[in-house]
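Peer 1: This is the structure I have questions about; it appears just below.
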Amino acid sequence: MFDDATRLREVLVRAVARVCPPHLAAQRDDIVQNALMRVLEITRRGEQNAVRTSSYLWQAAYTATIDEIRRLSRRKEVALDAQPDRTAIEAPRHDEEQRHQIGLEIRDCLGRLAPPRRRAVGLYLLGFQAEESARVLGSKVKHMQNLTYRGLADLRRCLESKGIRP
Amino acid sequence: MSGEDPGYERLREVFAAAPDLAATGPECSDAARIWNAVRGELPPHETHALVDHALDCPACGQAWRLAREVLAESGEALPSARRGWTAAHWAAVAAVVIAAVLIPVGVHEWRAPGAPVYRADDRVTIHSLMPDGAALARDAFVLRWTEGPPGTRYSLRLVRSDLSVVAEVHALEAAQYAVPADALAGLSGNTQLYWRVEAHLPDGSEIVSDTFSVRLE
């Protein structure tokens with residue numbers, strides 16, 4: 001009935017494993033399975049409207065996965081909010097705290113870059129290659145490489161001024 | 001340039017590490033727009049706004065990363081990087097604008113009536129009353145779950161790992177369902193199955209359970 005399910009599952013399992021936040025690590029399988037079940041519902045409706053295409057399926061799989069991650073994150077938030085004594089929650093470990101702080105400093109420095117460089121560097125930090133960033137931002141690959149190179153140099157200088165050596 | 005400097009790789013790792021709770025806000029884009037942006041199908045000003053937001057929002061940044069991963073692995077043909085604004089390009093943009101007007105009807109149709117609706121606080125949740133992965137006999141293949149408020153009706157779907165439907169029922173009044181043996185007739189022993197329940201509450205809202213697994217003995 002659904003020939004693409006195996007391939008969708010394989011791709012989603014790999015992608016979720018790379019992207020899923022640590023606090024949902026134990027629920028990766030659930031995220032993928034829930035997303036696939038929703039894809040089934042989506043494709044059933046899509047079949048009725050004759051809109052089932054390969055790209056439609058991939059988009060459906062992606063949006064369903066994001067929805068699942070967001071839904072589980074919200075559920076975690078509610079669970080924490082429901083705890084009567086927030087001080088009872090274990091404090092984050094020192095290294096996590098430090099990484100979190102560096103993450104904030106990176107965002108602060110990004111915000112100081114000129115917009116074209118900020119977007120190029122931002123996409124780079126999100127894992128995009130120059131060709132991909134160029135497609136997203138509607139730019140030439142060479143131009144994107146230059147923006148990223150110069151933007152990363154700016155970012156490094158900004159971080160070093162804060163005492164952070166990349 | 002990527003990957004050449006280990007310092008930059010570390011920056012990537014730190015930047016990608018979402019906080020414990022990557023909460024979304026009202027200004028967060030829906031996933032479909034992010035998907036279209038990553039495919040290079042949105043006008044530049046829209047994409048710029050989405051990127052700017054994602055760089056300040058870990059949850060949306062995560063959505064961008066996932067879109068990139070899925071697209072890269074999907075093998076989907078994508079438009080190549082732009083080489084300048086040509087007449088053909090403007091025509092493509094016009095097509096995207098037209099599609100943006102028309103497509104959401106189809107894309108979001110599944111969210112319309114009947115689509116899963118999750119409450120913000122998930123006060124009512126549906127859980128399986130059986131151990132995940134439990135083995136059930138063909139002649140006693142009964143799925144059970146926690147009840148909703150009085151008057152709740154349930155829909156249940158049982159599927160194989162390829163998502164082909166084994167059983168689907170609606171308007172159940174009890175929080176359990178005995179799958180008929182004939183629905184399981186074509187399945188071999190030790191087959192892994194997955195099931196999920198939609199609870200239709202008396203107040204008109206719907207709650208969708210997680211997906212649970214079960215095994216045919």
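Peer 1: Consider region A:109-119. How many of its residues are without any contact (Cβ under 8 Å) to a residue 40 or more places away in the chain and under 16 Å from B:His53 (Cβ atoms)?
Peer 2: 4
Peer 1: Would you confirm whether any residue within region B:73-83 is modelled with pLDDT of 60 or more and assigned to a helix (DSSP H, G or I)?
Peer 2: Scanning region B:73-83, I find at least one residue that is modelled with pLDDT of 60 or more and assigned to a helix (DSSP H, G or I), so the answer is yes.
Peer 1: Counting residues that are of a type in the set (Asp, Glu) and buried (at least 16 other Cβ atoms within 10 Å of the Cβ), which strands (runs of 3 or more DSSP E) fully inside region B:169-217 reach at least 1?
Peer 2: So the answer is B:192-200, B:206-208.
Peer 1: Additional query: Kindly indicate the residue of region A:101-158 that is of a type in the set (Val, Ile, Thr) and at the interface with chain B (Cβ under 7 Å from one of its Cβ atoms) and also surrounded by the most Cβ atoms within 10 Å (Cβ to Cβ) among those meeting that condition.
Peer 2: Once the filter is applied, the top-ranked residue is A:Val136.
Peer 1: Pull up region A:1-25, narrow it to residues that are more than 7 Å from chain B (Cβ to nearest Cβ), surrounded by fewer than 18 Cβ atoms within 10 Å (Cβ to Cβ) and under 23 Å from B:Val159 (Cβ atoms), then point me to the one that is modelled with the lowest pLDDT.
Peer 2: Top of the filtered list is A:Asp3.
Peer 1: Determine, yes or no, whether B:Arg12 is among the charged types (D, E, K, R), under 18 Å from A:Ser133 (Cα atoms) and modelled with pLDDT under 75.
Peer 2: For B:Arg12, the condition - among the charged types (D, E, K, R), under 18 Å from A:Ser133 (Cα atoms) and modelled with pLDDT under 75 - is not met.
Peer 1: To continue, here is another question. Which of (1) within 19 Å of B:Leu136 (Cα to Cα); (2) touching a residue at least 60 places away in the same chain (Cβ under 8 Å) does B:Gly189 not meet, given it meets every other one?
Peer 2: (2)
Peer 1: Residue pairs, Cβ under 6 Å, 6 or more apart or interchain, first in region B:165-184 and over 19 Å from B:Asp139 (Cβ atoms), second part of a loop (DSSP other than H, G, I, E, B) and not aromatic (Phe, Trp, Tyr). List them.
Peer 2: What qualifies is B:Ala175/B:Glu147.
One line per residue, one yes/no per condition, for (1) closer than 17 Å to A:Ile66 by Cα; (2) modelled with pLDDT under 90:
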| residue | (1), (2) |
| --- | --- |
| B:Ala49 | no, no |
| B:Leu66 | yes, no |
| B:Trp90 | no, yes |
| B:Ala94 | no, yes |
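Peer 1: Still on this structure, please answer the following. Out of the residues in region B:193-217 that are within 15 Å of the chain's Cα centre (by Cα) and within 15 Å of B:Val166 (Cα to Cα), state the one that is modelled with the lowest pLDDT.
Peer 2: B:Thr211
The values are calculated or read from the model by the stated rules, or taken from the named source; none is laboratory data. The structure presented is a predicted model; accordingly, all values stated were derived computationally and were not measured. Counting neighbours? That spans all protein chains shown, and the Cβs are built from the backbone with ideal geometry, glycine included.
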